[in-house]
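> Handing you a structure now.
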Amino acid sequence: MGAARLTIDLDSIAANWERLARLSTGETGVTIKADAYGLGAAPVARRLARAGARQFFVAIAEEGPTIRQAVGAGPEIFVYSGHMTGDAQTIRNLGLIPLVNSAEQLARHLEALPGHPFGIQLDCGMNRLGMKPAEWAALRDLALQARPRLIVSHLACADEPDHPMNGAQLTSFRAMTAGCDVPRSFSATGGILLGPAFHFDLTRPGIGLYGGAPFAEAFPAVALELPVIQVRELAAGETVGYGGSWTAPAPARIATVAAGYADGILRCLSNRATVWADDTPCPVVGRVSMDLLTVDVTHLDAIPDALDLLGPHQGIDELAEAAGTIGYEILTALGARYRRRYAGQRA
Ligand SMILES: *Cc1c(COP(=O)(O)O)cnc(C)c1O
């Protein structure tokens with residue numbers, strides 16, 4: 001069977017976008033940074049454009065070319081990191097829209113590309129990117145004169161609906177944008193689920209498109225099958241893998257499968273993850289190594305050709321839970337070595 005196989009269901013991603021768009025009171029863009037959270041920016045962008053998405057958000061200008069090529073000239077491509085030194089040519093040539101984060105970035109943009117579209121990113125409490133209230137107050141008139149396309153801000157705790165930061169950030173964002181006649185975008189996946197007060201003119205979900213929490217109703221977008229390379233019999237007391245970190249308590253049958261931490265199967269899943277033989281769970285035993293991991297299949301009647309790491313019984317959030325991380329990290333860690341199959345491309 002060769003390399004492990006990652007199946008990306010573009011129809012599920014499109015369906016997730018449509019459902020998030022139905023929940024959003026305004027327009028619904030897509031966050032497609034980090035190679036569409038590891039799933040492949042070009043095919044994902046094409047599919048989402050066909051579904052009707054018209055606003056694409058990337059992290060850095062370097063991600064622009066792939067998206068522009070995939071979606072063509074019409075859709076808007078916004079850049080969260082704004083206008084950084086050296087970005088002007090890429091921004092101009094590809095028609096990207098930087099979300100400027102500071103007075104310095106605003107000056108850089110207006111100087112390098114006068115008349116070229118831009119947006120503003122405000123910091124209403126996350127303390128990561130964007131202009132804080134005092135900086136914005138000083139700059140606001142000048143910035144608005146240059147006619148920004150969009151004002152965005154970002155929620156720090158949107159995946160916790162009862163968190164007091166949500167309301168506090170909403171109040172702050174409203175105050176900072178009061179009287180601005182510019183479209184506003186405030187919510188990613190979590191904010192959409194907080195309700196219409198958080199939606200403003202444009203939402204920009206990421207993780208919900210790709211099947212992750214907090215969008216509990218999302219269709220899963222990925223499946224990952226790991227081919228079995230070899231099976232061996234162990235006597236009670238023998239150990240498996242680097243460091244001998246698992247000892248067979250009784251005679252055991254161990255399957256070695258073709259994927260490891262170089263493929264994004266985090267090493268902290270050693271002796272913790274579960275893979276599935278159809279409907280039967282099988283524990284990963286021993287350390288995850290770079291290219292391989294080992295699975296206790298003693299209880300199986302027959303050894304399958306492949307075991308499922310992501311599939312009907314285990315999604316990205318369950319795997320993340322076992323690894324002590326979040327679905328976002330599971331997705332973006334997925335390596336380049338898989339055989340990738342895109343389902344639903346022409347649908
Ligand atoms: C990544 C990101 C998003 C998308 O967030 P999700 O939680 O994946 O929906 C939206 N806005 C900004 C500023 C981001 O950095």
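> Among the residues of segment 134-162, write down those that are more than 17 Å from Gly82 (Cα to Cα) and surrounded by 15 or more Cβ atoms within 10 Å (Cβ to Cβ).
Within segment 134-162, Leu155, Ala156, Cys157, Ala158, Asp159 qualify.
> Restricting segment 179-196 to residues that are open to solvent by 20 Å² or more (accessible area, probe 1.4 Å) and not in a loop (DSSP other than H, G, I, E, B), which is farthest from Asn16 (Cα to Cα)?
Per the stated criteria, the residue is Arg184.
> Could you run through segment 21-46 and say how many residues are buried (at least 23 other Cβ atoms within 10 Å of the Cβ) and either within 12 Å of the ligand (Cβ to nearest atom) or without any contact (Cβ under 8 Å) to a residue 24 or more places away in the chain (or both)?
7
> Mind checking whether some residue in segment 287-309 is surrounded by fewer than 16 Cβ atoms within 10 Å (Cβ to Cβ), in contact (Cβ under 8 Å) with a residue 40 or more places away in the chain and closer than 30 Å to Ala218 by Cβ?
Yes: one or more hits.
> While we're looking at this one, here's another question. Please work out if Ile91 is touching a strand residue (DSSP E or B) at 6+ places or on another chain (Cβ under 8 Å), over 30 Å from Leu194 (Cβ atoms) and surrounded by 16 or more Cβ atoms within 10 Å (Cβ to Cβ).
Numbers: touching a strand residue (DSSP E or B) at 6+ places or on another chain (Cβ under 8 Å): yes; over 30 Å from Leu194 (Cβ atoms): yes; surrounded by 16 or more Cβ atoms within 10 Å (Cβ to Cβ): yes.
Here the answer is yes, as Ile91 does meet what is asked.
> Applying the selection to segment 165-221, what residues are of a type in the set (Val, Ile, Thr) and either within 11 Å of the ligand (Cβ to nearest atom) or not assigned by TED's automatic domain parsing to the domain that holds His154 (or both)?
Kept after step one, since they are of a type in the set (Val, Ile, Thr), are these residues of segment 165-221: 171, 177, 182, 189, 192, 203, 207.
Selection gives Thr189, Ile192, Thr203, Ile207.
> Considering (1) of a type in the set (Gly, Ala, Ser); (2) surrounded by 21 or more Cβ atoms within 10 Å (Cβ to Cβ); (3) in the same structural domain as Val152 (by TED's automatic domain parsing), say which one Ala4 fails and leave the rest.
Status for Ala4: all satisfied but (3).
> Among residues belonging to segment 197-251 that are closer than 30 Å to Ala51 by Cα and among the hydroxyl-bearing types (Ser, Thr, Tyr), point out the one that is surrounded by the fewest Cβ atoms within 10 Å (Cβ to Cβ). Walk me through it before giving the result.
Narrowing segment 197-251 to residues closer than 30 Å to Ala51 by Cα: 197-225.
Now drop any that are not among the hydroxyl-bearing types (Ser, Thr, Tyr), which leaves 203, 210.
Values: Thr203: 27, Tyr210: 29.
Among those that are closer than 30 Å to Ala51 by Cα and among the hydroxyl-bearing types (Ser, Thr, Tyr), it is Thr203.
> Let me ask you something else. Residues Arg108, Arg147, Arg128: which one is assigned to a loop (DSSP other than H, G, I, E, B), at pLDDT 95 or above and away from the ligand (no atom under 16 Å from the Cβ)? Talk me through it step by step, then tell me what you get.
Details: Arg108 fails: assigned to a loop (DSSP other than H, G, I, E, B); Arg128 fails: away from the ligand (no atom under 16 Å from the Cβ).
Step by step, each of Arg108, Arg147, Arg128 is checked, and only Arg147 is assigned to a loop (DSSP other than H, G, I, E, B), at pLDDT 95 or above and away from the ligand (no atom under 16 Å from the Cβ).
> Just give me the residues in segment 103-133 being open to solvent by less than 20 Å² (accessible area, probe 1.4 Å) and over 30 Å from the mean Cα position of the chain (by Cα), in sequence order.
Leu113
> So, Ala333, is that one outside the structural domain of Ala41 (by TED's automatic domain parsing) and in contact with an Asp or Glu (Cβ under 7 Å, 6 or more places away or on another chain) or not? Outline the logic, then answer.
Numbers: outside the structural domain of Ala41 (by TED's automatic domain parsing): yes; in contact with an Asp or Glu (Cβ under 7 Å, 6 or more places away or on another chain): no.
Considered against the rule, which asks whether it is outside the structural domain of Ala41 (by TED's automatic domain parsing) and in contact with an Asp or Glu (Cβ under 7 Å, 6 or more places away or on another chain), Ala333 comes out as no.
> Looking at this structure, is Ile254 away from the ligand (no atom under 16 Å from the Cβ) and assigned to a strand (DSSP E or B)? Full working, then the answer.
Working: away from the ligand (no atom under 16 Å from the Cβ): yes; assigned to a strand (DSSP E or B): yes.
For Ile254, the condition - away from the ligand (no atom under 16 Å from the Cβ) and assigned to a strand (DSSP E or B) - is met.
> Across segment 150-178, what is the total count of residues that are in a helix (DSSP H, G or I) and out of contact with any Ser or Thr (no Cβ under 6 Å at 6 or more places or on another chain)?
Here is the first cut: in segment 150-178, the ones in a helix (DSSP H, G or I) are 164-177.
Adding the requirement that they be out of contact with any Ser or Thr (no Cβ under 6 Å at 6 or more places or on another chain) leaves 164-172, 174-177.
Number of matching residues: 13.
> Out of Ile67, Ile32, Ile13, Ile77, I need the residue that is farther than 21 Å from Val222 by Cα and either of a type in the set (A, V, I, L, M) or touching a Phe, Trp or Tyr at 6+ places or on another chain (Cβ under 7 Å) (or both). Which one?
Values: Ile67 fails: farther than 21 Å from Val222 by Cα; Ile32 fails: farther than 21 Å from Val222 by Cα; Ile13 fails: farther than 21 Å from Val222 by Cα.
Answer to the check: Ile77.
> Would you please list the contacts, defined by Cβ atoms under 7 Å and residues six or more apart or on different chains, that run from a residue in segment 82-96 that is without any contact (Cβ under 8 Å) to a residue 60 or more places away in the chain to a residue that is charged (D, E, K, R)?
His83/Arg108; Leu94/Arg68
> In contact with a His (Cβ under 8 Å, 6 or more places away or on another chain) and open to solvent by less than 30 Å² (accessible area, probe 1.4 Å): does that describe Val100? It would help to see each step written out before you state the result.
Working: in contact with a His (Cβ under 8 Å, 6 or more places away or on another chain): yes; open to solvent by less than 30 Å² (accessible area, probe 1.4 Å): yes.
Criteria met by Val100.
The values are calculated or read from the model by the stated rules, or taken from the named source; none is laboratory data. Note that the coordinates shown come from a computational prediction; the quantities given were computed from them, not determined experimentally. Here the Cβ is made from the backbone with ideal geometry for all residues, glycine too, and neighbour counts use every protein chain on show. For accessibility, only protein heavy atoms count, side chains too; no ligands or nucleic acids. Shrake-Rupley method; radii C 1.70, N 1.55, O 1.52, S 1.80 Å.
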